[in-house]
Amino acid sequence: MRPPMAALDTLDPETDRYYAEFVEGRLGESRQREIRKKTRKTMTYGYVSELKQEFRDEGRAEEAVRGLLTVLDSRGLNPSDVDRDRIRSCTDPEHLHTWTARAATASSMAEVFAG
């Protein structure tokens, strides 16, 4: 693995990122984890590929959806199927956080979505 990684050091940053992601994508999951662990020990910059950042953002939104639905259900606000679809289709974690904060004190779904 060292020769390909050493070769990447000679490339311009944009091409370097492209090839690094290409190589990483073809490795097995356990090898990817091993390389990431070693890389984190020596990394001095915080580059995260756009695709990885997109996956992280999607994961945050999915977690926020689950949290909001849990609060709504536990408080007995009984969101309709339309409400649940609206919540599940939201991909903005901050927006979902706002709805969750409102859900903590709201007496209706209209209050959760107000504003």
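What number, in percent, do you get for the relative contact order of the stretch 51-113 if the mean sequence gap of Cα pairs under 8 Å and at least 6 apart is divided by its residue count? Numbers along the way, then the final one.
Details: 49 pairs, mean separation 24.0, N = 63.
Once divided by the residue count of the stretch 51-113, the mean separation gives 38 percent.
If you sort the three axes of the alpha carbon gyration tensor as a ≥ b ≥ c, you get a/c of 1.5 or more for the stretch 48-90 and a/b no higher than b/c, which makes it oblate.
No value in this document is a laboratory result; all are computed from the given coordinates. Keep in mind it's a predicted model, so treat the numbers as computed, not measured.
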